[in-house]
Amino acid sequence: MKNKYLSIITILMLTLGVQAQKRFSKQQLISDADSLYAAIYEIHPDMFAEYPKVLFMEELNSIKETFKDSMTIFDQYKSIAPLISKLGDGHTSVSIPYNALKEINAKILPFDVDIDKSDYSIYLSKDYSTTQSEILPNETILSINGRSCSELVKDMLRYKSGEKESFKIELLKNRFAPLLYVLNGDSVFDIEYMGEKNIPLSTTIHGIPYCEWDAQKKQNRPDNDTYYSMSIDSKNKIAIIDFRSFSDLSRFEVFLDSAFNEIKQQKINDLIIDIRKNGGGNSALGDELFQYISHVPFSQFGKVTIKISDRLKQKHNKDDKDFDVPNGIETFETDKLIALRDNKLRYTGNIYLLTSNYTFSSATDFAWTFQYFKTGTIIGEETGGLIVCFGDILGQTLPNTKF
């Protein structure tokens, strides 16, 4: 969460609680579409900043006209997600129906892929199949079931929310296989690829259960204990902090105290902070880290705008005095900087910050503050998020489909 005042909806998936894929009536789907619009509009401070309201409402009404009885949650996702993506806000999105994939034991493509941002070329990065395929890592995949990969990527990007395409491609890389199934329903994949010596080849790949794919993916994801870690090159006096999530402030405080104590003891000359795989979280972690690396008072935010509504108040604790105000747009602005507290572990050597197109939300704000206050040198790609943006995530579940 970037700041508790700045709140945006994301639509989350919850378990449907049935074994077979459930189907819904036309009226249920229309009701959910209306609920979706109300949920975003009542919390988003500027829902139509990028996509005009008149166009949004025209498209929403057209989508509702296409609904019919006995549609699935996949049908709902394919109808709604491209429209929400047009809002151009990475914090306002609908999730792929992962639980529905689990319930129907969907057989999905057993691959992770890399995507070239210049021409949408696809490369195999990880093969999760039991029997390894003929395709080798980093070989180019030309087509899947008769569709060119560049065509597939172009279509799939319509379902991803974000301010910039480079960030949406990063999201797609992580979820290419499940989205491919939701959109096309294929469990067997005829694949053309470029083999050794640039010779086009073909093969057939059978899908694996979504749960199996997800379990293998999780082996490569950081758990709560590895959101942040540090390694040290004692010979060259270099420390590297791998910072993957702005999560769990109390744990992070303990980590920082331990890490910078070791940095001081080993007389580290160069500190590298890696946020290339950091999609954000609670910006308070950034404030805490700056207490160890900043040489001047700092601030990550100068102004926050919020739409106060009954729905927002319901989402927050009723005793929260910050929301004991009339409904409407409120702006909180300050020119005060956060003072540096006494800290014997404050680092004074060289600092380098690594960024990528995946760096988003609180991680982007951290990078901006790092640059603005001349904390050190930034190396890497342009961040996926913008420094002026919408923030916070408030989950909302639609009443009928539980989407």
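The values are calculated or read from the model by the stated rules, or taken from the named source; none is laboratory data. Small disclaimer: the values here were computed from a predicted structure and weren't measured. In this analysis, Cβ positions are derived from the backbone assuming ideal geometry, glycine residues included, and neighbour counts consider all displayed protein chains. Note: accessible area is taken over every heavy atom of the protein model, side chains too, but ligands, DNA and RNA are not part of it. Shrake-Rupley method; radii C 1.70, N 1.55, O 1.52, S 1.80 Å.
For the stretch 108-137, the tally of residues that are assigned to a loop (DSSP other than H, G, I, E, B) and aromatic (Phe, Trp, Tyr) stands at 2. Among the conditions (1) more than 30 Å from Thr359 (Cβ to Cβ); (2) surrounded by fewer than 17 Cβ atoms within 10 Å (Cβ to Cβ), Ser133 misses just one, which is (2).
Can you tell me which of (1) open to solvent by 60 Å² or more (accessible area, probe 1.4 Å); (2) of a type in the set (S, T, N, Q); (3) closer than 24 Å to Glu253 by Cα is the one Ser362 doesn't meet? Looking at each condition in turn, Ser362 falls short on (1).
Here is a yes/no grid of residues against (1) open to solvent by less than 10 Å² (accessible area, probe 1.4 Å); (2) more than 30 Å from Ile43 (Cα to Cα); (3) out of contact with any helix residue (DSSP H, G or I) (no Cβ under 9 Å at 6 or more places or on another chain):
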{"position": "Ile273", "(1), (2), (3)": "yes, yes, no"}
{"position": "Tyr292", "(1), (2), (3)": "no, yes, no"}
{"position": "Phe301", "(1), (2), (3)": "no, no, no"}
{"position": "Thr305", "(1), (2), (3)": "no, no, yes"}
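Among the conditions (1) surrounded by 15 or more Cβ atoms within 10 Å (Cβ to Cβ); (2) out of contact with any Ser or Thr (no Cβ under 6 Å at 6 or more places or on another chain); (3) part of a loop (DSSP other than H, G, I, E, B); (4) among the polar types (S, T, N, Q), the only one that Gln21 does not satisfy is (2).
Could you tell me how many of the residues in the stretch 77-128 are over 21 Å from Cys211 (Cα atoms) and either among the β-branched types (Val, Ile, Thr) or open to solvent by less than 40 Å² (accessible area, probe 1.4 Å) (or both)? Spell out the reasoning first.
Start the filter on the stretch 77-128 by keeping residues that are over 21 Å from Cys211 (Cα atoms), which leaves 78-93, 114-123.
Right, trim to either among the β-branched types (Val, Ile, Thr) or open to solvent by less than 40 Å² (accessible area, probe 1.4 Å) (or both) and you get 79-85, 87-93, 115, 121-122.
Of the residues in that region, 17 qualify.
When you look at Asn400, is it under 24 Å from Asp46 (Cβ atoms) and open to solvent by 20 Å² or more (accessible area, probe 1.4 Å), yes or no?
Numbers: under 24 Å from Asp46 (Cβ atoms): no; open to solvent by 20 Å² or more (accessible area, probe 1.4 Å): yes.
Answer is no for this residue.
Close contacts from the stretch 246-268, counting a first residue that is of a type in the set (Lys, Arg) and a second that is not in a helix (DSSP H, G or I), with Cβ to Cβ under 7 Å and a gap of 6+ residues or different chains, come to Lys264/Leu345; Lys267/Lys237. Take Phe323 and decide whether it is of a type outside the set (Gly, Ala, Ser), surrounded by 15 or more Cβ atoms within 10 Å (Cβ to Cβ) and without any contact (Cβ under 8 Å) to a residue 60 or more places away in the chain. Yes, satisfied.
This table checks each residue for (1) in contact with a strand residue (DSSP E or B) (Cβ under 7 Å, 6 or more places away or on another chain); (2) in a strand (DSSP E or B).
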| site | (1), (2) |
| --- | --- |
| Ala239 | yes, yes |
| Ser250 | no, no |
| Phe255 | yes, no |
| Ser258 | no, no |
| Asn261 | no, no |
| Lys267 | no, no |
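Of the candidates Asp248, Asp257, the single residue that is out of contact with any Ser or Thr (no Cβ under 6 Å at 6 or more places or on another chain), under 17 Å from Ala363 (Cα atoms) and open to solvent by 60 Å² or more (accessible area, probe 1.4 Å) is Asp248.
Going residue by residue through the stretch 194-209, is there one that turns out to be open to solvent by 20 Å² or more (accessible area, probe 1.4 Å), under 15 Å from the mean Cα position of the chain (by Cα) and within 23 Å of Lys107 (Cα to Cα)? Among the residues of the stretch 194-209, not one is open to solvent by 20 Å² or more (accessible area, probe 1.4 Å), under 15 Å from the mean Cα position of the chain (by Cα) and within 23 Å of Lys107 (Cα to Cα), which makes the answer no. Taking first residues from the stretch 132-160 that are closer than 30 Å to Val94 by Cβ and partners that are among the charged types (D, E, K, R) and part of a helix (DSSP H, G or I), the Cβ contacts under 6 Å between residues at least 6 apart in sequence or on separate chains come to Leu157/Lys168; Lys160/Lys168. Check the stretch 349-359 and report whether any residue there is free of Cβ contacts under 8 Å to residues at least 40 places away in the same chain and β-branched (Val, Ile, Thr). No, that holds for no residue. In the stretch 216-237 there is at least one residue matching the filter, namely being more than 30 Å from Gly146 (Cβ to Cβ) and open to solvent by less than 20 Å² (accessible area, probe 1.4 Å). Quick one: would you say Leu271 is at pLDDT 95 or above, of a type outside the set (Phe, Trp, Tyr) and not in a helix (DSSP H, G or I)? Yes, satisfied.
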